[in-house]
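So the structure is just underneath, and the comments pick up after that.
The values are calculated or read from the model by the stated rules, or taken from the named source; none is laboratory data. Computed from a predicted model, the values in this text were never measured in an experiment. Cβ sites come from the backbone with ideal geometry, for glycine too, and all protein chains shown count toward neighbours.
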Amino acid sequence: MKRTHNCGELRKNDENKNVTLSGWVHKYRNLGGLLFFDLRDRYGITQVIFDPAKVSQDIIELASKCRNEFVVSIDGVVKVKPDANRNLATGEIEIDANNIKIENESITPPFNFLKGRSDAKEELRLEYRYLDLRSEVMTRNLILRHKVTMATRNFLSEKGFLEIETPTFTKSTPEGARDYLVPARLFPGSFYALPQSPQIFKQLLMVSGMDKYFQIARCYRDEDARGDRQPEFTQIDIEASFVDENYIFSLTEGLMHQIFSESMGIEIPVPFERIPYSVSMEEYGVDKPDLRFGLKLKNITDITRNSEFGVFKNAECVKFIAVEGKEDLSRKQIGKYEDYAKHLGAKGLAFVKLVDGKFEAGIEKFLTDDDKRTIIELAEVNGNAMIFFGADRTSTVNKVLGGLRNRFGNELGLTDPKDFKFCWVTDFPMFEYNEEADRWDAMHHMFTMPKEEDIDKIENDPGNVLSKSYDLVLNGVELASGSVRIHDRDIQEKIFKRLDLTNEEIEDKFGFMLKAFKYGAPPHAGIAPGLDRLLQVMTGEETIREVIAFPKAKSLNCPLTKAPSEVSQDQLDELNISVKKK
RNA sequence: GGUCCGGUAGUUCAACUGGUUAGAGCACCUGCCUGUCACGCAGGAAGUUGCGAGUUCGAGUCUCGUCCGGACCGCCA
C-alpha cells in the first residue's frame, strides 16, 4: 500500500475516489460494530470508518487491534459524511475503508496531544520531543519557521544578496558573551571558538567585494538561558557595501513586510517608527519599547528638586507612571508591585491615588499643590488612576518603572499578541562604562561607526559619543541589532585605544582583520534579525523553545539526548585535556 | 551565583490547622455498544508523595540538606 493522498487534502468533490492514506492513529472510537479512526499526518486529520457490513471479519479484527499512535495504511473510498465535523478541514468526508495494514505498533505514549498541544510539562515534552512535535501546534510552528526562512531567502536573493556560509570553528575574540570552546586536537592547549555571530567574516566578505551577503546563521553564546535566549540560536545575518543606515532600514522593513505577508498573510505597515535611544529610555525606561500601549513614564525631576520630601529631593531622577483604573488597588496588591520594584533594584515604591481629580493616600501629604497640578497635567489620564513613582539613580528609575510599565501593559490586557508594532531604536551610545572593570566597553560592538560629529569626543568624552547603530524592536522584543561599520583604520584604532586594548592584544585578536582593511575596505553596514525571536512573536508563544525543533532546557542540557555528557579518558587523552574533578 | 515558585498514579492536578485505607479527569486493561467525531456505559489495574536526614505518638503536609524543572535578577558586545 502506497499513499495516494495526505490526511489533510480530501474534500467533498473527491467523493467516490479510491484512495490510500497513511499516518498515525490520532484517536480511535470503537462503537462495537462501527469502528472509527482519526488518521493523522502533518497535513491534517481524516476520519476513517470500518463498517462490518462491508468488510471481512479479518479486517475488522485487525483494525480493532489498533491503538493511538499506531502507524497504519488504509485503502478505501471517499464518502460524504451524513453529518459534517466542523472542527476538521476534511470534516465533510470520511474514508470508507476496505483494507488496513498496520505498518508499526506504538507503546502507550507518555502524554496526549489531542487538542493541538501536548498536555504534559515541558520537561517531559522535551524528553519525548519527537512525540511533542507531532502535535498540531508544534507542527504548525515548524511549518511557519520554514515559510519564514523561505521568504527570507527569496526576498534577499531577489535583491541581489548572496547566501554565503562562514565557519563555525573560529577564533575566540574578547568582550561580548562567553565563548563555547572546541579543543584543537592537533594544537594541544589551543581552542577554536564557536561564533557568537559571523560578524568578522561578513565584514571580510565586504572586503572581498561580495557586496551583498546574507546567511541563515547559527550563533553560539555560553550564557544562562532565558525564555527568549538559547545557547545556540539562529540569525538572519545581513551585510551590504556602499550603503548607509537608511538602506538597511528600508531593506529590513521590506524583508519583514514580505515575511509577514508570505507566511501569515499579514500586511505590516512600513516604514517603521524611529525612536532615538535617549527618547526610548526617557519615555519607556527600556531600549526595546513595546508600542502596543502608552503608559509612558513622566519625568518630574525638575519640580521635585525643591520638594520637601527627602526621597524626591535627593534623587538623581524622579519619574512616575499613571495607571488608569488601578486606583482601587488594595494595600496588599500595592505591596506585590513594591516587591517587584525592589526585585528590580528600587528601595521602595512610592504611590498616590488620583480619585475624582484629588490625590489620596500614599505620599499625598508630601506633594504641594504645584506638584499635584504638574502631575495631573503630565499624567494625561481620563478619570481615576494609581500613580507610581520612581526616585533613584536614573538607571534604576528606568529599570523599575520600565518593568512596571510592561507588567501593567500585560495585566491591563493591552498586549494583544496579534498586534504587531515594529519600531527602530537608533543613536545608541558608542560606549558604556563598566564599573566593575573600571573601563569603557563598546555598547554594540567595537566595529560600530561613531557619529562623525562625535569622533573627536572619543578620547576625552566617551560617554557622549553616539554611534550609527540601531535595533529593530517588535512588541517589546529586541529582534535585530545592526550598525554602520568602521571602514577607516584610523577611526578603528581610536576605538580600540579607547577600549584600553593594548597594541599586542589588538594585533593578536584582530591583526588579521586590520590587515584585510588595509587592502581597500568598502563602506558597509549590516543587521542581524534573530529568527527564533521573530517566530516567537509571530506565533505568540511564551518562549523561544516553542519555535525550535530540539531546544535545550533552561539549565542548558538536552532532556532528549542527555547532552552534555562525560567522555572517555581516551577521548580526553587525544585532546590533551585533563579534567579537574569537583 | 542570587531570589521566588514547583516536583503526589503513565499524565494533568487535588488532599482544610500534621490525623482513617493518598483522591479525581484523561490515558491504560476487560466487557457491552452500528454514526461516532474529546463517542457512551459498567468494571478493573495503577503510588518509594523527587531523594536523604530530622521533629513528632503520627509527615504528602513542618525543618534542614540535596537533585530536577520553571520565572525573574546577575549575565547576555
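Scan the stretch A:431-445 for residues that are in contact with a Ser or Thr (Cβ under 9 Å, 6 or more places away or on another chain) and touching a residue at least 40 places away in the same chain (Cβ under 8 Å) and report the count.
Taking the stretch A:431-445 and keeping what is in contact with a Ser or Thr (Cβ under 9 Å, 6 or more places away or on another chain), we get A:431, A:442-445.
From what is left, the residues that are touching a residue at least 40 places away in the same chain (Cβ under 8 Å) are A:431, A:442, A:445.
Looking only at that region, the number is 3.
Among the residues of the stretch A:94-111, count how many are near RNA strand B (Cβ under 9 Å from one of its atoms) and in contact (Cβ under 8 Å) with a residue 40 or more places away in the chain.
Kept after step one, since they are near RNA strand B (Cβ under 9 Å from one of its atoms), are these residues of the stretch A:94-111: A:94, A:96, A:108-111.
Checking which are in contact (Cβ under 8 Å) with a residue 40 or more places away in the chain leaves us with A:94, A:96, A:108-109.
Residues that pass the stated criteria total 4.
Inspect the stretch A:21-29 for any residue being more than 9 Å from RNA strand B (Cβ to nearest atom) and free of Cβ contacts under 8 Å to residues at least 12 places away in the same chain and give the result as yes or no.
Residues of the stretch A:21-29 that are more than 9 Å from RNA strand B (Cβ to nearest atom), as a first pass: A:21-25.
From what's left, free of Cβ contacts under 8 Å to residues at least 12 places away in the same chain: none.
Looking through the stretch A:21-29, none of the residues is more than 9 Å from RNA strand B (Cβ to nearest atom) and free of Cβ contacts under 8 Å to residues at least 12 places away in the same chain.
Determine whether residue A:537 is part of a helix (DSSP H, G or I), within 15 Å of RNA strand B (Cβ to nearest atom) and closer than 30 Å to residue A:145 by Cα.
yes
Which of the numbered conditions does residue A:456 fail, given that it passes all the others? Conditions: (1) part of a helix (DSSP H, G or I); (2) under 28 Å from residue A:288 (Cβ atoms).
(2) is the only condition that residue A:456 fails.
What's the number of the condition residue A:400 fails, among (1) within 14 Å of RNA strand B (Cβ to nearest atom); (2) in contact with a strand residue (DSSP E or B) (Cβ under 6 Å, 6 or more places away or on another chain); (3) more than 17 Å from residue A:319 (Cβ to Cβ)?
If we test residue A:400 against (1) within 14 Å of RNA strand B (Cβ to nearest atom); (2) in contact with a strand residue (DSSP E or B) (Cβ under 6 Å, 6 or more places away or on another chain); (3) more than 17 Å from residue A:319 (Cβ to Cβ), just (3) comes out false.
Could you check the stretch A:232-263 and list, in sequence order, the residues that are surrounded by fewer than 18 Cβ atoms within 10 Å (Cβ to Cβ) and under 14 Å from the mean Cα position of the chain (by Cα)?
Of everything in the stretch A:232-263, just one residue is surrounded by fewer than 18 Cβ atoms within 10 Å (Cβ to Cβ) and under 14 Å from the mean Cα position of the chain (by Cα), namely A:232.
Based on what the data block shows, is residue A:320 surrounded by 12 or more Cβ atoms within 10 Å (Cβ to Cβ) and more than 16 Å from residue A:401 (Cα to Cα)?
Values: surrounded by 12 or more Cβ atoms within 10 Å (Cβ to Cβ): yes; more than 16 Å from residue A:401 (Cα to Cα): no.
No.
Report yes if some residue within the stretch A:484-499 is modelled with pLDDT of 95 or more and either under 16 Å from the mean Cα position of the chain (by Cα) or aliphatic (A, V, I, L, M) (or both); otherwise report no.
The answer is yes; a qualifying residue exists.
Please pick out the residue among A:170, A:149, A:166 that is at pLDDT 95 or above, within 16 Å of RNA strand B (Cβ to nearest atom), among the polar types (S, T, N, Q) and in the same structural domain as residue A:230 (by TED's automatic domain parsing).
Values: A:170 fails: at pLDDT 95 or above; A:149 fails: within 16 Å of RNA strand B (Cβ to nearest atom).
So the residue among A:170, A:149, A:166 that is at pLDDT 95 or above, within 16 Å of RNA strand B (Cβ to nearest atom), among the polar types (S, T, N, Q) and in the same structural domain as residue A:230 (by TED's automatic domain parsing) is A:166.
Could you check the stretch A:323-344 and list, in sequence order, the residues that are basic (Lys, Arg) and either outside the structural domain of residue A:380 (by TED's automatic domain parsing) or assigned to a helix (DSSP H, G or I) (or both)?
First, the residues of the stretch A:323-344 that are basic (Lys, Arg): A:326, A:331-332, A:336, A:342.
Within the stretch A:323-344, A:331, A:332, A:336, A:342 qualify.
Go through the stretch A:173-196 and give me each residue that's surrounded by 17 or more Cβ atoms within 10 Å (Cβ to Cβ) and in a loop (DSSP other than H, G, I, E, B).
Scanning the stretch A:173-196 gives A:173, A:179, A:180, A:194, A:195, A:196.
For the stretch A:540-570, name all the residues that are at pLDDT below 90, charged (D, E, K, R) and more than 13 Å from RNA strand B (Cβ to nearest atom).
A:566, the sole residue that qualifies.
Being in contact with a strand residue (DSSP E or B) (Cβ under 7 Å, 6 or more places away or on another chain) and within 14 Å of RNA strand B (Cβ to nearest atom) is the filter; apply it to the stretch A:189-214 and report the residue that is farthest from residue A:554 (Cα to Cα).
Here is the first cut: in the stretch A:189-214, the residues in contact with a strand residue (DSSP E or B) (Cβ under 7 Å, 6 or more places away or on another chain) are A:191-198, A:202-203, A:205-206, A:210-214.
Next, from what is left, pick out any that are within 14 Å of RNA strand B (Cβ to nearest atom): A:193-198, A:202-203.
Values: A:193: 22, A:194: 20, A:195: 21, A:196: 19, A:197: 21, A:198: 25, A:202: 30, A:203: 33 Å.
Here the residue is A:203.
Any residue in the stretch A:571-579 that is in the same structural domain as residue A:121 (by TED's automatic domain parsing), under 32 Å from the mean Cα position of the chain (by Cα) and surrounded by fewer than 13 Cβ atoms within 10 Å (Cβ to Cβ)?
Taking the stretch A:571-579 first, the residues in the same structural domain as residue A:121 (by TED's automatic domain parsing) are A:571-579.
Applying the additional criterion that residues be under 32 Å from the mean Cα position of the chain (by Cα) yields none.
No, every residue in the stretch A:571-579 fails to be in the same structural domain as residue A:121 (by TED's automatic domain parsing), under 32 Å from the mean Cα position of the chain (by Cα) and surrounded by fewer than 13 Cβ atoms within 10 Å (Cβ to Cβ).
Within the stretch A:197-219, identify whether any single residue is in a loop (DSSP other than H, G, I, E, B), crowded, with 16+ Cβ neighbours inside 10 Å, of a type outside the set (Phe, Trp, Tyr) and in contact with a Cys (Cβ under 7 Å, 6 or more places away or on another chain), and answer yes or no.
yes
Restricting to the stretch A:3-48, and then to whatever is loosely packed, with under 14 Cβ neighbours inside 10 Å and among the charged types (D, E, K, R), can you tell me which residue is farthest from the chain's Cα centre (by Cα)?
The extreme case among them is A:15.
Among the listed residues A:372, A:342, identify the single one that is within 16 Å of RNA strand B (Cβ to nearest atom) and not hydroxyl-bearing (Ser, Thr, Tyr). Talk me through it step by step, then tell me what you get.
Numbers: A:372 fails: within 16 Å of RNA strand B (Cβ to nearest atom).
A:342 is the lone residue from the list that is within 16 Å of RNA strand B (Cβ to nearest atom) and not hydroxyl-bearing (Ser, Thr, Tyr).
Which of the residues belonging to the stretch A:31-85 are in a strand (DSSP E or B), within 7 Å of RNA strand B (Cβ to nearest atom) and acidic (Asp, Glu)?
Once the filter is applied, which keeps residues that are in a strand (DSSP E or B), within 7 Å of RNA strand B (Cβ to nearest atom) and acidic (Asp, Glu), the stretch A:31-85 yields only A:38.
Specify which of the listed residues (A:484, A:473, A:465) is buried (at least 22 other Cβ atoms within 10 Å of the Cβ) and under 14 Å from residue A:440 (Cα atoms).
Working: A:484 fails: under 14 Å from residue A:440 (Cα atoms); A:473 fails: under 14 Å from residue A:440 (Cα atoms).
Selected residue: A:465, the only one of A:484, A:473, A:465 that is buried (at least 22 other Cβ atoms within 10 Å of the Cβ) and under 14 Å from residue A:440 (Cα atoms).
Within the stretch A:423-431, identify whether any single residue is assigned to a loop (DSSP other than H, G, I, E, B), within 11 Å of RNA strand B (Cβ to nearest atom) and at negative phi, and answer yes or no. Working first, answer last.
The first filter runs over the stretch A:423-431 and keeps only residues assigned to a loop (DSSP other than H, G, I, E, B), leaving A:427-428, A:430.
Checking the rest, the ones that are also within 11 Å of RNA strand B (Cβ to nearest atom) come to A:428, A:430.
Imposing the further condition that a residue be at negative phi reduces the set to A:428, A:430.
Yes, because at least one residue in the stretch A:423-431 is assigned to a loop (DSSP other than H, G, I, E, B), within 11 Å of RNA strand B (Cβ to nearest atom) and at negative phi.
Would you pick out the residues in the stretch A:357-379 that are in a strand (DSSP E or B) and touching a helix residue (DSSP H, G or I) at 6+ places or on another chain (Cβ under 9 Å)? Explain how you work it out, then say what you get.
At the first step, the residues of the stretch A:357-379 found to be in a strand (DSSP E or B) are A:358-360.
Hits for the stretch A:357-379 are A:358, A:359.
Table: residues versus (1) within 28 Å of the chain's Cα centre (by Cα); (2) on the phi > 0 side of the Ramachandran plot; (3) not polar (S, T, N, Q).
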{"residue": "A:360", "(1), (2), (3)": "no, no, yes"}
{"residue": "A:365", "(1), (2), (3)": "no, no, yes"}
{"residue": "A:376", "(1), (2), (3)": "no, no, yes"}
{"residue": "A:398", "(1), (2), (3)": "yes, no, no"}
{"residue": "A:406", "(1), (2), (3)": "yes, no, no"}
{"residue": "A:409", "(1), (2), (3)": "yes, no, yes"}
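Output the residues belonging to the stretch A:112-127 that are over 11 Å from residue A:68 (Cβ atoms), free of Cβ contacts under 8 Å to residues at least 60 places away in the same chain and more than 7 Å from RNA strand B (Cβ to nearest atom).
A:116, A:117, A:118, A:125
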